[in-house]
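The values are calculated or read from the model by the stated rules, or taken from the named source; none is laboratory data. Values in this document were obtained by computation on a predicted structure and should not be read as measured data. Positions of Cβ are generated from backbone atoms using ideal geometry, with glycine treated the same way; all protein chains shown enter the neighbour counts. Surface areas here come from the heavy atoms of the whole protein model, side chains and all, with no ligands, DNA or RNA. Shrake-Rupley method; radii C 1.70, N 1.55, O 1.52, S 1.80 Å.
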Amino acid sequence: EATDAQLGLAAVHERCNRLAPAEAIAADLDLRREQLNAHQTDLLLELEAQLAGRRNQHALARQRLEALLQRPNPDALARGDLLLKLGRCCDALGDVDAAMQAFARGHAERYAQVTGTHAALPHGDGLLAVLDAPVPEVRSRLSGPAPGDPADPVFLVGFPRSGTTLMEQLLDAHGALASFDEQPFLQRLVSRINERNPGYPAALSMLSEDACRALRRGYFADVARVLPQLGARRAVDKNPLNLVRLPLVATLFPRAQVLLALRHPCDVVLSCYMQNFRSPAFSITFETLASTARMYARVMAHFHEFRDRLGLPLHVLRYEDLVADVSGEGRALFDFLGLPWSDDLSEFTERARRKGAISTPSYAQVVQPVNQRAVGRWQRYRPWFEGEALDTLQPWIERLGYVV
């Protein structure tokens, strides 16, 4: 039992970017490797692979992962996760062919498991079903803020893997702002609205002022649970796919400001394809580069359908610009929010390291010094983009001002 607990504790340390204690536990367990049972040995191999990757010892990480994948494991989701980790490891080593083979095998494992246990998912993506619904005219029915209401939040949105976590850590470093890990607070409001007929989004044009205030209270109560010390600070709600829920934001939070994270569509699609998202729907959505590109196009088309009708202040921040010039882009960002810039904000990645758990796949990247290593990564994978994926993304590459 103590060994199992040590393995779990080491995994938590790594997940919270506390690498030294994780390494110490792994070293201690390595000395007792012959005493471990088969399951504990598997967990130790996976821990060693994860820590080797954090040290940029990707050849060692690959060796550990390949050893793990040779061992019997009946859990398809676990095998899929290991294969996606192996793919990212091969990518770091520059072995693009091996990376794509591992990604394809990993997604096949996950797809088979998810479609076997969630039979309805291939026929509708649940969370994103709103993409097929027309958006009504959007306007707030609130006559003004209620006494004691917190300030309307800053909503940070964008397609997943567009750099939202990096931007969130920069925002959270400012004393006037406070962010919280991705939470489904707006989706909970959508679920409440769906209890009526018609549901969301058609109901937006029919909500009374009392109904809007009740929904706002529910949202702020959720925020208070995760940010009990918010005080006079303004909440930053970072949930990338709130991008498709901005009509709800405009209806309930007319004094909100919206930050839109953009990144080259091909880099976004590749990065989504490389990740192991927990959502079963994403196992289907991101099964291939082509299916991921189709979802990107759907989401962006939906957003641009109502973008000009929102009536909310919107600031667009490109990932490529931010990593090239943190100070310049940061000044423009905080100027949009009406907040002062200070040079120590440029050290936000060090603050993120001390923050603890960051519940997104990029938890290990956002604590590193800002760099441009991921810019243009998709070019190494261009042969796999040729055809449907690139054809689907081409209009958005041009519309958003990028180049192929």
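Here region 1-134 is described by how far its Cα atoms reach on the three principal axes: 59, 37, 30 Å, from widest to narrowest. FRET efficiency for the E137 to V12 pair, using the beta carbon distance and R₀ = 51 Å, is estimated at 0.60. Taking every protein chain into account, the accessible area of the chain amounts to 44 square angstrom per residue (probe 1.4 Å). Labels on offer are (i) 27, 58, 15, 0; (ii) 27, 61, 11; (iii) 25, 56, 19, 0, and the one holding P(r) over Cα pairs in 20 Å bins from 0, in percent computed from this structure is (iii).
Residues in region 33-44 carry Karplus couplings, in order, of 3, 5, 8, 7, 7, 4, 5, 5, 4, 4, 5, 5 Hz; the curve used is 6.51 cos²θ - 1.76 cosθ + 1.60 with θ = phi - 60°, and Gly or Pro positions show x.
The coefficient of translational diffusion for region 20-82, derived via Stokes-Einstein from the alpha carbon Kirkwood radius under 4 °C and 1.567 mPa s, stands at 107 µm²/s. Dipole orientation for the chain: of the candidates A2, S283, Q57, S283 has the Cα lying most toward the positive pole (charges on Cβ; Lys, Arg +1; Asp, Glu -1). Each residue of region 156-161 was assigned a 3J(HN,Hα) from its phi angle through the Karplus curve 6.51 cos²θ - 1.76 cosθ + 1.60 (θ = phi - 60°); the sequence is 9, 10, x, 5, x, 6 Hz, with glycine and proline shown as x.
Once the Cα-Cα distance is subtracted from the 0.36 nm per residue extended length, the D391 to R373 segment shows a gain of 3.9 nm.
Mean-square fluctuations from a GNM of the chain, with a 10 angstrom spring cutoff on Cα atoms, peak among L31, L177, L314 at L31.
A straight line joining the Cα centroids of region 377-404 and region 34-102 runs 29 Å. From its DSSP helices (H runs of at least four residues, each -39,500 (n - 2.57)), the chain gives a residue-normalised ellipticity at 222 nm of -16500 deg cm²/dmol. Helix 76-92 and the longest principal axis of the C-alpha atoms of the chain enclose an angle of approximately 90°. If R0 equals 30 Å, the separation of the Cβ atoms of R188 and N73 corresponds to a calculated FRET efficiency of about 0.25.
For region 156-314, the fraction of C-alpha pairs farther apart than 27 angstrom is 27 percent.
Relative to the longest principal axis of the Cα atoms of the chain, helix 326-336 runs at roughly 30 degrees. Give the angle, between 0 and 90 degrees and rounded to the nearest 10, that separates the Cα long axis of helix 58-69 from the longest principal axis of the Cα atoms of the chain. In the chain, helix 58-69 runs at an angle near 80 degrees to the longest axis.
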